[in-house]
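Written below as structure tokens is the structure these notes are about.
What follows draws every value from the coordinates through simple rules; no lab data is involved. Nothing here was measured: the structure is a model prediction, and the numbers come from that model. Cβ placement follows ideal geometry from the backbone for every residue including glycine, while neighbour counts extend to all protein chains displayed.
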Amino acid sequence: MLLLKDGEVIDNPWVTIEDHLPTSLPEYPILSYSLLSTLDDNDKINQPLGVLFPCDLDIELLNPFLKKLSLIALIFPTFKDGRAFSQARQIREHLKFTGELRATGQVLPDQYQFLTRVGFTTIMIPEITNIENWKENHHHFTIGFQNSILKEARHGLVRKL
Amino acid sequence: MVVQNKQANQSEYYVLTANRLLDGRVVWFTSQEYWGIMIEEAHLFSNKEEAEQKIQQIIQTDSARFLIDLHCTEIRNTFLPTTTREKIRAFGPSNHPEFNPRSI
Amino acid sequence: MNHFSHISDSNTSKAIGRYNYNDVDFEFLTERINQFRSQIKRRLNGELTEDEFKPFRLMNGVYLQLNSYMLRVAIPYGTLSSKMLRGLAYIARYYDRGYGHFTTRQNIQFHWTKLEEVPDILTYLASVELHTIQTSGNCIRNITSDEFAGVAQDEILDPRIYAEIMRQWSTLHPEFSFLPRKFKIAISGSSNDRIAVCFYDIGILTCLNKQNKPVFEIWVGGGLGRIPIKGKIIRNDLPPEHLLAYLEAIIRVYNLHGSRNNLYKSRIKILIENLGIDNYREQVEKEFQAMDLDQYRLSNDIMTSIQENFGQPNLVDVPNASETLKKHRQENQAFNQWVNHNSYPHFHKDYIATIISLKNIGETPGDMTADQMDALADLAEEYSLGEIRVTHLQNLVLGHVRKDQLYVLWQALQKHHLAVPNQGLITDIVCCPGLDYCALANARSISIAKKIMSLFQDIHLQEKIGPLNIGVDGCINSCAHHHIMNIGVLGVNKKGEEFYQIKLGGFSYKNNATIGSILGAALTMEEVIEAIRKLINFYLEQRQKNEYFIDTFNRLGINPFKEIVYASA
Ligand code: HEM
Ligand code: SF4
């Protein structure tokens, strides 16, 4: 998998841990939400922490962990399942989370601006992919008509992206 | 054609059909392995298994990329599909007889 | 280039009744078309599979039907200018087969387009300010409105301004482009329901609150299809300035919780049915309260920026207009008949609205030829300030006709077979494309509609029968509203053969909104026509003074009707 930010491939220091907790955590661990929720005293953790949060749970559940989290990864089971678009938005607007918000699962380049406008900052994409497509789609539209996390300049309903 | 040798109760055949990706037109798989416009051009498979096997073969080839909704359907020996749906695919909408593939 | 220097040229007069595009809007459409062009390219070179491509082609209005690709063009809030209608005629003539089909959702469908030509069609459509964006797919669909907007005497505010705001807001909405299922919104600026408000995902009427201020009455969770459900009121006092915030709250709850794994349970109506409207409302209110409402507020500035792009009709007082119309009606019986059935009062005393029926005996309901489109575009320009509306019952409306000119207009309409005097009568049948076109159909619907129309073609008989609506659908999806028509005909499939079910007693509008009841076992095409003849005869025998079909049906109940159709069989 490749990690994409602002249309460029970047290094991914994070390691996802889904099954059980190792005795010592890697430097940049992303814990599945079920593991995260078993950490009885997350105050003790003094290192960057990420969570992989499922698309069928209420983002309010992240509230107790928020201060510790540097990264939240959301899941698109298929590109047609748009739940994570709403979760991302709630995480930015209601939880006021400012760290890295990562899209995982199946997403298509054509969805790139939707992702950034609801608050995603990074995307995991398959190795075999046409990066040019992602680059092109990252800034394909210069005009939008809705509020967005990016707070673009507006005139009437129109935003300059 | 083998058709006449069949028993009356076996006079059903299967044909392969699809829509062309580029223009959406209905096409039929022929014995010469091209896709024809007219149902009469269609290759007759005597049973469903054979027809479906052929579909699996076609899916592996490059030509499958230019087809959508590839499927097999049952017809009678007069090249008349058994369902109204496939009749309309073969002969065009009934409110516009002039759109029958024969006339365009 | 500065996107915001778009105050339009004051020399070019604006089309009335609708938002006129500026540079920004044109540029946006160009970007959109380029994107689709490249998606088609990626489909053709194998980068996108059909499964991946399909949602994108659907969001550009391209369906694969039985015989060809169909292209669905949105007519936002049902308003067309003459220029747009000529644009549609051009597409019909040069990219299709000379006609188009108007739907019940203020769209027009071209049934014979080619995928490879779609980008060119879209480019042409854009030049006349039309597009196909979100006319299909699991997203917010074309926003529909009242065909008598800006005409009706009972209107509280102009719904088209809000419909345009919703059109823009819903266009490529980053959060709501991959919903569990399609999402349909309709709005009227009046509190009298002319839009079938209880049968949309969201339906909006306008009322006055105790302070005499306009507020929106918001209905949610209505719909037809396999599981027809009447919507419920989620809020009856929404200040218009919060419209977008409230819609986002409703749709966000749906996007998060609507079913994703069962196609038949994925509409908002099912979610609301399961949760209960009170629970749903609570979740929406919670979301709404948490939102930064200022970000969403429809301020005066925003309202003005939209409104100033709408052309305003210049209505003038015409001395003796009413008297002239009265005289024409006295002099010409056929004209009088047409006015009786096909007109609607205008708030201005010297004007009248007229319904152009697309239900010609012998023709496909809702179809219009390219020549008719061009002719009507000209007539609209001459007699109705260049504006044409599309109704939710597959007819058209000229909204602002001077009463003294109605007679000349009628004479001209007749030449193009556009003056059929049957609006609201039994031959004004709503009909979906059915199995002649639609890949989802069980049975043909156009043939049924045509047969019923020819059975009752005598206008005196139609008048005797009185107001009555029929909807004919090729499958349970109910695109022609058969569930909520006085008489509904539904195509079913029995081993590949066509059969039809009859539903009776449906009603589309708020106060008496009813989903019809099934009359009995499915019939063949011939039997169904015979059954309808019997039903109508029975009603004519049984009716009491001043009763319409629906009244007689409601008084007698379904059983006597059932007996009439099935007893002898
Ligand atoms: C020919 C291609 C068409 C296709 C594939 C199609 C597909 C569908 C489907 C699947 C539904 C059911 C949605 C559900 O229950 O979740 C539906 C509903 C509907 N369609 Fe169509 N339709 C087509 C044409 C039309 C036409 C021609 C009209 C207007 C005459 C129309 C207007 C509607 C309306 C009003 C509904 C019911 C409202 C609702 O519950 O969504 N559609 N359509
Ligand atoms: S009702 Fe069924 S057959 Fe008719 S257009 Fe809709 S989906 Fe097709």
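Absence of a disulfide-compatible partner, taken as no other cysteine beta carbon within less than 4.7 angstrom, is noted in chain C for C:C139, C:C198, C:C207, C:C431, C:C438, C:C475.
Straight Cα distances below 16 angstrom link C:K464 to the aspartates and glutamates C:D428, C:E541, C:E547, C:D551, with same-chain residues fewer than 8 positions distant left out.
For the protein assembly as shown, a crude dipole built from +1 on the beta carbon of Lys and Arg and -1 on the beta carbon of Asp and Glu, taken about the Cα centre, is about 1460 debye to the nearest 20. Summarised in one figure, the compactness ratio Rg/Rh of the range C:23-127, Cα atoms and Kirkwood Rh, is 0.96.
When the helix-only estimate is applied to the protein assembly as shown (DSSP H runs of n ≥ 4, each -39,500 (n - 2.57), divided by the residue count), what is the mean residue ellipticity at 222 nm, nearest 500 deg cm²/dmol? The per-residue figure over the protein assembly as shown is -9500 deg cm²/dmol.
All C-alpha to C-alpha distances of the range C:321-415, sorted into 10 Å bins beginning at zero, yield P(r) values of 16, 52, 28, 4 percent in whole numbers. Inter-chain Cβ neighbour count for B:85-94, averaged per residue, equals 6 (cutoff 10 Å, partner chain atoms only).
Look at C:K495, C:K83 and count the other Cβ atoms within 10 Å of each Cβ; fewest to most, that gives C:K495, C:K83.
Principal axis analysis of the Cα atoms in chain B yields extents of 38, 36, 21 Å, listed in decreasing size. Pairs with C-alpha atoms separated by more than 19 Å, drawn from the list C:K327/C:K359; C:K184/C:K230; C:K184/C:K450; C:K269/C:K494, are C:K327/C:K359; C:K184/C:K450; C:K269/C:K494. Applying a DSSP loop filter and a limit of 15 other Cβ atoms within 10 Å to the chymotrypsin sites (Phe, Trp or Tyr not before Pro) in the range B:5-82 leaves B:Y34.
Ordering C:S478, C:I550, C:C432 by the projection of their Cα atoms onto the charge dipole of the range C:430-566, which places +1 on the Cβ of Lys and Arg and -1 on the Cβ of Asp and Glu, puts C:I550 at the extreme positive end.
Each residue of the range C:43-55 was assigned a 3J(HN,Hα) from its phi angle through the Karplus curve 6.51 cos²θ - 1.76 cosθ + 1.60 (θ = phi - 60°); the sequence is 5, 6, 8, x, 5, 10, 7, 4, 4, 6, 6, 3, x Hz, with glycine and proline shown as x.
Let's see if you can work this out: charge +1 on each Lys and Arg Cβ, -1 on each Asp and Glu Cβ, no other charges. What is the dipole magnitude of the range C:462-549 about its Cα centre, in debye to the nearest 20? Result for the range C:462-549 is approximately 280 debye, rounded to the nearest 20. Take the protein assembly as shown, drop everything but the C-alpha atoms, weight them equally and run the Debye formula without solvent; then report log10 I(q)/I(0) at 0.06 Å⁻¹ to two decimals. Per q value, in the given order, log10 I(q)/I(0) is -0.43. The alpha-carbon of A:K68 sits under 13 angstrom from the alpha-carbons of these aspartates and glutamates, leaving out residues fewer than 8 places away in its chain: A:D41, A:D43, A:E100.
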